Amino acid sequence: MNRFPIFLFLLLPLLGNAQAKFTIDGSIDLPDSTNISLITQGDKPVLIQKTKIRNGKFQLSGNYQEVMMANLLVFTDGGMMTRTIYLEDGVVHVQAGKKLSDAIVTAGPLNKEWDAWQQKHGQDLKKLNIADVTAYVQQHPSSALSLDLLIYDSERRHLLYPLLKELDVSIRELERAKRYSRFVESEMALRPGGIAPDFKVQDPGGNSWKLSDYRGKYVLIDFWASWCKPCRAAIPELTEVYNKYKDKGFTILGVSIDKNARDWINAVEADKVPWKQGSDVQGEQGEVARLYRISYVPLLFLLDPEGRIIGGNDFEKVLADRLGN
């Protein structure tokens, strides 16, 4: 089945209403008016501040809520250069030559910790050696770096997640630790065998319904959108399946991730599908889309009568095994 991509942005550290100030004083051998940016760490970086280099120097300052990793970023004719630092109490001094990545950073304890780690293991926070991370977390349970080694290894964060409980409460109470926990736990719930997260939406007539209202039946959740051509092209196939199994304890729930209510309702009326429809009309940033980590549509989840996820795009085979051909 074709998939229509959606670009989702993870929740990132909030920089407003901050509790402390950061200051970065730097020197670098680059031409005047070259832009240097400070961005958040992660796959979807957000700009914190930007300034221009003048007389080989730059300064960035602002507020932050909690100590956090960030990246200095410069684009030159030779390409992109970065240097990872921590925003922490006190002034962060950055002394670079022509290469930002080789800059010497003089700052507080977290920057010293980070420099010691990256000198031994490199700057890449992905594909980390689990034994190395485990040893570091156990030896440094009160360090924000221990937390960040879990968070930013996006390919292994599920494997590293059990280490979170070994961190001190003060670290587990950081906002990004809470976001990390919610993210991993909700993603794990979407794996086969997990109980599908409950949600509440409204049908086109304004009546509310919840996923849990349909416990006791096999349920195929069809995430779609009015603007998604593959979603709507799949309706005849889904209708065949619906008609085949609807009298055997099976139903389909259509959940739109539209942002425009009129577009969604017009599509529902035009397609004349016989199963229940609902939406929070909040698009990819809505609660349901975030709850189900929707990165494309159509997206399908097949649930058993207890609400456990038992299939996805293979729903026809699973239904045939469970309910007969």
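Rule-based calculations on the coordinates, nothing more; no lab input. Small disclaimer: the values here were computed from a predicted structure and weren't measured. Quick reminder, even Gly has a Cβ in these numbers, built from the backbone with ideal geometry, and neighbours come from all protein chains shown.
Here are some notes:
- Its relative contact order, with pairs defined as Cα atoms under 8 Å and 6+ residues apart, puts segment 137-266 at 16 percent.
- Candidates VAL46, PHE301, VAL105 compared by Cα position along the dipole of the chain: farthest toward the positive end lies PHE301, with charges placed on Cβ.
- Using a cutoff of 8 angstrom between alpha carbon atoms and counting only pairs six or more residues apart, the relative contact order for segment 255-325 works out to 22 percent.
- Ordering PRO197, LEU149, LEU253 by the projection of their Cα atoms onto the charge dipole of the chain, which places +1 on the Cβ of Lys and Arg and -1 on the Cβ of Asp and Glu, puts LEU253 at the extreme positive end.
- Label point at ASN55 placed 7 Å out along Cα→Cβ; residues across segment 95-122 whose backbone nitrogen lies under 18 Å: 95-96
- Net charge of neighbours whose Cβ lies under 9 Å from the Cβ of GLU155, counting Lys and Arg as +1 and Asp and Glu as -1: +3
- Each Lys and Arg contributes +1 and each Asp and Glu -1, all at the Cβ; summed about the Cα centre of the chain, the dipole is approximately 260 debye.
- Taking the charge dipole of segment 130-237 about its Cα centre, with +1 at Lys and Arg Cβ atoms and -1 at Asp and Glu Cβ atoms, the residue from TYR180, HIS140, VAL219 reaching farthest to the positive side is VAL219.
- Qualifying lysines (Cα of each under 22 Å from Cα of LYS120; at least 8 residues distant if same chain): LYS99, LYS112
- Cα-based helix-to-principal-axis angle, 261-271 vs the chain, degrees rounded to 10: 40
- Theoretical FRET efficiency, 1/(1+(r/R0)^6), r = Cβ-Cβ of ASP247 and LYS276, R0 22 Å, to 0.05: 0.85
- Gaussian network model of the chain, springs between alpha carbon atoms under 10 Å - residue of MET80, MET188, MET69 with greatest fluctuation: MET80
- Helix-only [θ]222 nm of the chain, DSSP H runs n ≥ 4, -39500 (n - 2.57) each, per residue, nearest 500: -8000 deg cm²/dmol
- Taking every alpha-carbon pair under 8 Å whose residues sit at least 6 apart, the chain reaches a relative contact order of 15 percent.
- For segment 53-196, size of Cβ-based charge dipole, Lys and Arg +1, Asp and Glu -1, in debye: 320
- For the chain, built as a Gaussian network whose Cα springs stay under 10 Å, the top-fluctuating residue of GLU166, GLU155, GLU240: GLU240
- The 3J(HN,Hα) values that the Karplus relation (6.51, -1.76, 1.60; θ = phi - 60°) gives for segment 276-288 are, in residue order, 5, 10, x, 6, 9, 6, 10, x, 6, 9, x, 4, 5 Hz. Gly and Pro appear as x.
- The length gained by stretching the chain between ARG179 and ALA233 to full extension, at 0.36 nm per residue less their Cα-Cα distance, is 15.8 nm.
- Using a Gaussian network model of the chain in which every pair of alpha carbons under 10 angstrom is joined by a spring, one finds that among LEU291, LEU30, LEU150 the greatest mean-square fluctuation is at LEU30.
- Charge dipole of segment 229-304 (Cα centre as origin; +1 on each Lys and Arg Cβ, -1 on each Asp and Glu Cβ, all else neutral): 60 debye, rounded to the nearest 20.
- The antiparallel fraction among DSSP beta bridges confined to segment 169-322 stands at about 50%.
- Only beta bridges with both residues in the chain are counted; by DSSP, about 75 percent of them are antiparallel.
- The distance linking segment 145-209 with segment 51-106 is 31 Å (Cα centroid to Cα centroid, whole angstrom).
- Degrees separating the helix 109-121 axis from the principal Cα axis of the chain, which is the longest one: 80
- By average C-beta atoms within 10 angstrom, highest first, the peptides 260-272, 106-118: 106-118, 260-272
- Linear extension gain, ALA320 paired with ARG156, 0.36 nm per residue minus alpha-carbon span: 55.6 nm
- If R0 is 30 Å, the Cβ-Cβ spacing of ASP89 and ASP32 corresponds to a FRET efficiency of close to 0.45.
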